[in-house]
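Report on the following structure.
Where a number appears in this text, it was derived from the coordinates with a stated rule and is not lab data. If you're wondering where the values come from, they're calculated on a predicted model, not measured in any experiment. In this analysis, Cβ positions are derived from the backbone assuming ideal geometry, glycine residues included, and neighbour counts consider all displayed protein chains.
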Amino acid sequence: MEQRPNILFLMTDQHNAGSMSCAGHPSVRTPNLDRIARQGVRFTSAYCNNPICAPSRISFATSQ
């Protein structure tokens, strides 16, 4: 039987991609997020479809 991959999406609120130490921020320490980024995939070229968080989340969750 073929196994399905385990996929975990972390979506933080009020947090841009540059505010993680693995993204090069000089003073923010995010060791747990850095470990997850090293062991998985970190998107470095993404955009938001709406500046308000709720429509973006719904769009992501529903693919609409």
- prompt: Could you give every pair whose Cβ atoms fall below 7 Å, whose first residue belongs to segment 41-64 and is under 17 Å from H15 (Cβ atoms), and whose second residue is in a loop (DSSP other than H, G, I, E, B), counting only separations of at least 6 or pairs across chains?
  reply: C53/D13; S56/C48; S56/N49; S56/N50; R57/M11
- line: The residue that is nearest to N6 (Cα to Cα), considering only those in segment 29-52 that are aliphatic (A, V, I, L, M) and surrounded by 11 or more Cβ atoms within 10 Å (Cβ to Cβ), is I36
task: Please find, among C22, C48, the residue that is out of contact with any Phe, Trp or Tyr (no Cβ under 6 Å at 6 or more places or on another chain), of a type outside the set (S, T, Y) and not in a loop (DSSP other than H, G, I, E, B).
output: C22
- prompt: Among the residues of segment 21-28, is there at least one that is touching an Asp or Glu at 6+ places or on another chain (Cβ under 8 Å), surrounded by 10 or more Cβ atoms within 10 Å (Cβ to Cβ) and without any contact (Cβ under 8 Å) to a residue 24 or more places away in the chain?
  reply: yes
message: When you scan segment 53-60, do you find a residue that is assigned to a loop (DSSP other than H, G, I, E, B), out of contact with any helix residue (DSSP H, G or I) (no Cβ under 9 Å at 6 or more places or on another chain), among the small types (G, A, S) and exposed (fewer than 10 other Cβ atoms within 10 Å of the Cβ), even just one?
response: no
query: Can you name the number of the only condition in (1) over 13 Å from the mean Cα position of the chain (by Cα); (2) at positive phi that N49 fails?
result: (2)
